[in-house]
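First up is the structure itself, then whatever we jot down about it.
The values are calculated or read from the model by the stated rules, or taken from the named source; none is laboratory data. Since we're looking at a predicted model, the values are computed, not measured. As a convention, Cβ positions derive from the backbone with ideal geometry for all residues, glycine included, and neighbour counts pool all protein chains shown. Only protein heavy atoms, including side chains, enter the accessible area calculation; ligands, DNA and RNA are left aside. Shrake-Rupley method; radii C 1.70, N 1.55, O 1.52, S 1.80 Å.
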Amino acid sequence: MSSERTGPENPEWKLDRASFVVVANRLPVDRVEAPDGTADWRPSPGGLVTAFDPIMHKRRGAWVGWHGAADEELEPFEDDELALIPVPLSSAEVANYYEGFSNATLWPLYHDAIATPQFHREWWDTYVTVNKRFADRTAEIAGEGAVVWVQDYHLQLVPRLLRRQRPDLRIGFFLHIPFPPRELFVQLPWRQQILEGLLGADLVGFQLPGGAQNFVQLVRQRLSLETSRDRIRMPDGREVLARAYPIAIDARSFNQLAATDEAAERAEQIRHDLGDPRVLFLGVDRLDYTKGILERIQAFGELVAEGRIDPDDAVLLQLAIPSRQRVEQYRQLRDEIDRLVGRVNGESPRIGRPPIVYLHVSYPRVEMAAFYRAADIMVVTPLRDGMNLVAKEYVACRQQDDGALVLSEFTGAARELRQAYSINPHDIDGLKDRLVEAMNDSPQNKARRMRVMRRQVVENDIYKWANMFLDDLERLTQKPEASQVAG
Ligand code: ADQ
């Protein structure tokens, strides 16, 4: 992506209405500080941007989202034929809509209520207001018959709000996190509004078939709608499809990144800096209570204390990307992890090299590829996770059929990566046994497992994921006049 800007002052761009629109809480941009101290915005291509890149180029693409700074209005800008349309949020809206309703109500509720969901009416009111703003902005910029793809739990009301204004649009929605079982979902005081919000879409996508089934069951029972397998018949005659589309990664580009000399040298340096252990265990997560980081450290610490893992022989490197630091539960977790790592390392008899190295830092992609390449055993232990891309990234970065993936059965990825060393993170003894098994397993067994998983992640990549979703959406909504416009 070039970072050259043509602004909204470009009259040609202004008149153009997008035929493919992504709507997500965040725009794919980062703030950069100029040498003179002024702030500017630069596009930051992540997984989703990469996936949509070919489509964005084929059609006139636009991305609607918050740019990440509160109380700041930003003009739309164009980058490499992609129009970026910022939606402003005030500090109070960030607190109520983003940190509150999205991350302290929906996030824990949809993740098995691992933390207690908080229900506050003023958070909900702001969620409605902000969803309306996203829908209004999208309605303004979408061309006639455009395909609009709404992303994730922050924006579950957008499909309905958008359809009311623009019935000509073809609307898809994808939920990146688990859709909870009925018993949990019905705790939500605004359960009906959320279900109706999602049903504004033509296609509602989930990570797993179980999530799609939960949703269909709920609309049948709570809204008395007629359903047949994955189809829901709406009172206005429309049909909504609810189906699983397990998200993937750009496996080839991760593999190529890890294959570079730069990544190889960096991987070697990482191992050297860690004292050249025989076995390097790696954990990589957003710092979140759903990821099972405490359970993982607990298990590793006990193995060291019991002498089943020798700190002269093995190290656990835990990388945690800072996340949602203004939400209380996240602050508490950060303190708990600090304390637990300190205790494990403090109780280790070894002077010099601690058994656990914990880094609370965000790294660029090439550095991540080097960490994955360096690791012998990847430890992925979420208590609940929609998919978990880290597991797939580790497999993609292998240069040969070596390494081992220890993977929680409560991740979406476990459904596809069946040759991983499967664990239940609540069962600390079982987790310990699996870590030791993965460490001591023969190279032949490891190669057999890894070969199948590598094929899986290469054959099912992010492009295939996006195409499957969009093909289904277009098939569902084929209208001669609309398909001509979208082209
Ligand atoms: P997340 O909860 O953020 O995603 P995950 O899928 O593992 O979880 O993605 C994390 C991403 O952050 C990975 O791409 C990883 O490389 C990156 N990352 C982690 N630690 C990092 C660090 N220290 N520095 C730099 N990068 C780091 C949500 C859902 C998941 C779902 C995804 C996609 O919770 O279940 O898989 O969306 O749908």
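Determine the sum of side-chain charges near residue 416: Lys and Arg each +1, Asp and Glu each -1, restricted to other residues whose C-beta is under 14 angstrom from that of residue 416.
Details: positive: 392, 415, 418, 449, 454, 455, 464; negative: 385, 393, 409, 459, 461.
Summing Lys/Arg as +1 and Asp/Glu as -1 gives +2.
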* Which one of 299, 325, 355 is farthest out on the positive end of the charge dipole of the chain, using unit charges on Cβ (Lys, Arg +1; Asp, Glu -1) and the Cα centre as origin? -> 299
* **Percent of alpha-carbon pairs separated by more than 15 Å within the stretch 348-394** => 61
* Asked: Using a 1.4 Å probe, how large is the accessible area of residue 304, given in Å² and rounded to the nearest 10?
  -> 20
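To the nearest 20 Debye, how big is the dipole of the stretch 313-369 about its Cα centre, given +1 on the beta carbon of each Lys and Arg and -1 on that of each Asp and Glu?
For this selection, approximately 140 debye.
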* To the nearest 10 Å², what's residue 124's accessible area with a 1.4 Å probe? -> 20
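About its Cα centre, how strong a charge dipole does the stretch 395-458 have in debye, to the nearest 20, once Lys and Arg get +1 and Asp and Glu get -1 at the Cβ? Don't jump to the answer; show the numbers that get you there.
Working: 11 positive and 9 negative charges, 80 e Å.
Using only the charged Cβ atoms, the result is roughly 380 debye.
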* Asked: Once the piece of chain linking residue 274 and residue 73 is laid out straight, how much longer is it, given 0.36 nm per residue of separation minus the C-alpha distance between them?
  -> 67.9 nm
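Based on alpha-carbon atoms only, what is the radius of gyration of the chain relative to the globular estimate 2.2 N^0.38 Å?
Values: Rg = 23.2 Å, N = 487, 2.2 N^0.38 = 23.1 Å.
For the chain, the normalised Cα radius of gyration is 1.00.
Per-residue counts of other Cβ atoms within 10 Å, averaged by peptide: what ranking do you get for 70-82, 140-152, highest first? All intermediate terms of the calculation are to be shown ahead of the outcome.
Values: 70-82: 15.7, 140-152: 21.6.
Taking the mean over residues of other Cβ atoms within 10 Å, the ranking is 140-152, 70-82.
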* To do: In Å and from the alpha-carbon atoms only, list the Rg and Dmax of the stretch 186-345.
  => 23.1, 68
* **Relative contact order (%) - the chain, alpha-carbon pairs under 8 angstrom, separation at least six** => 14
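So how strong a dipole does the chain carry about its Cα centre when Lys and Arg Cβ are +1 and Asp and Glu Cβ are -1, to the nearest 20 debye?
Values: 61 positive and 73 negative charges, 332 e Å.
Magnitude of the dipole: close to 1600 debye.
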* Across all directions of projection, what mean area in square nanometres is found for the Cα convex hull of the stretch 158-216? -> 4.0
* When only C-alpha pairs under 8 Å and at least 6 residues apart count, what is the relative contact order of the stretch 184-283, in percent? -> 23
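So which trypsin sites (Lys or Arg not before Pro) in the stretch 252-357 end up in coil per DSSP with only 14 or fewer other C-beta atoms within 10 Å? Write out the running numbers ahead of the final one.
Details: sites: 252, 266, 271, 278, 286, 291, 296, 308, 324, 326, 331, 334, 339, 343, 350; in loops: 278, 308, 324, 326, 350.
Sites meeting the loop and neighbour criteria: 278, 308, 326, 350.
Kindly sort 125, 401 by accessible area of their heavy atoms, largest first, with the probe set to 1.4 Å.
Numbers: 125 90, 401 45 Å².
The ranking, largest first, comes out as 125, 401.
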* Asked: Whole-Å semi-axes of the stretch 182-266's equivalent ellipsoid, largest first, each the root of 5 times a Cα gyration tensor eigenvalue?
  -> 39, 15, 10
* **Computed over the stretch 286-432: relative contact order in percent, which uses C-alpha pairs under 8 Å that are six or more apart** => 27
